[in-house]
Structure formats: C-alpha cells, structure tokens
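The values are calculated or read from the model by the stated rules, or taken from the named source; none is laboratory data. No experiment lies behind these values; they were computed from the predicted model shown. Areas reflect the complete protein model, heavy atoms only, side chains present, ligands, DNA and RNA absent. Shrake-Rupley method; radii C 1.70, N 1.55, O 1.52, S 1.80 Å.
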Amino acid sequence: MDVDRRQFLKSMGFAGLAGASRHRPLWAMTAAEEQSTRPITVLVTGTAERSGFIHGVHAANPAVSLLRADLVLDFLRHLKNVIESGRAARVIGMVDDACGALIIDSVRTSGAKLQWLGQHAVDAGRSRHRVLGGALADSCAIRFGEQLDACGGNFNLTGQRLGGDTPLQLAADLREGKHEGDWTAALGFALTAPGAAVPRFRPAAPLMGHFVSFLLET
C-alpha cells in the first residue's frame, strides 16, 4: 500500500501539527530536562526494527522503551495508553505505511502534537524522502539531509514546513560510489535528539520498501 495513494500527509498530518509553534521547542531543553520530563517510546515494525533505526535511537538515548507496532488490538490499546496517559512524553518511530496510517489516525483523535511526519521509499540504488513538519522540525530535517548526503547513496529529500513558502529540497543523483553510512540510523538519532549533531554510522544491510517516520509529543 503506497501512502501517496492514501493522501497520507494531506489527510492525516495537518491536524496534529497545527499549533506546534506555540509551544517551547522540544530541543531547546537541556539534556537533563529532556530525560526527566519526556520519556521516549519507540515504535517499529519488523523490517524497520532490523534496520539501523534502533541503533541510531540508542546512540542518542539508551533509556527508551521499545514497542513493536502491528495491526492488532493489543498494540492499539497500548499506544492509546501511552498517548493519553496525561504525562509529558515523546513517541518516535519508523514503521511500514499500514501501521503508520493507524498510528497517525490515533494521534489525530488524542490531541497529541505531531512534530514530524516523513515518508520514505527505498528501491535499488535510491531513496526518496518527504517530510512535513512545523517550525520545530526544521533543524531535524536539515540534519537528516546532511546525513543522507554523507551516506553516499542517491537520494531525494523534500521537506515542507507547515505554513511555510519555501520547501527544503536536497538531492544527489548518478553517484556510483559505495554507501558510506546508514540513513536509517541517522534518522533514528535525529528524531531522538533533534538539533544535535548526528554522528556517522557504519553502512548497514540494504533496506527496501515504503516506511513512515514520526515524532509526536503528549
């Protein structure tokens, strides 16, 4: 299932992102504030879990809770409890597009603030990334783009700021050199520690398919 066909960003992203700029930037907190006030839950599905995404998350913050996402009721109940607990928290993830649709729909009805929503399509020799975010996600998108370029593969990244006039557009084509990094690990790090300098990660096994990434606050 292609999230473009579901008009994923248009129909699900805007409600959760509205009003994000009225809140203090999450990455303006000190590390101590962040760890004490916003515990992190990480959602992944099978293919994403086997990628470097979790490695990148743990490199940024080893004290996270891991929750495997799927389409069964037990997962949805658990997610609902996390989002509607009334405690300040963050939920980040990289999942397949089917789980992504359910997760973002849960966010829309919960009142949680969706700060980042990304689509990622990967096939042989190329990755394509579309990101929607508020003002708070700008630095995260730029850091991610820097790492995509540093990884050495062919890519296209479009970042659209909600309410902004100038989208971020970065691309590299026709490169034949070997991959020198792992964009999934870079993404995990960037979402866990927005605004922080992302380290270079070792190349990982090729990832293929369509995925959704997100960062939300409760």
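A few comments on the model shown:
- The stretch 67-159 - accessible surface per residue (Å², probe 1.4 Å): 38 Å²
- Accessible surface of Met208 - all protein chains present, 1.4 Å probe, nearest 10 Å²: 110 Å²
- Solvent-accessible ranking of Leu71, Leu157, largest area first, probe 1.4 Å: Leu71, Leu157
- Scalar couplings 3J(HN,Hα) for the stretch 44-51, obtained by applying the Karplus form with A = 6.51, B = -1.76, C = 1.60 to θ = phi - 60°, are 9, 10, x, 5, 5, 5, 7, 7 Hz; x denotes Gly and Pro.
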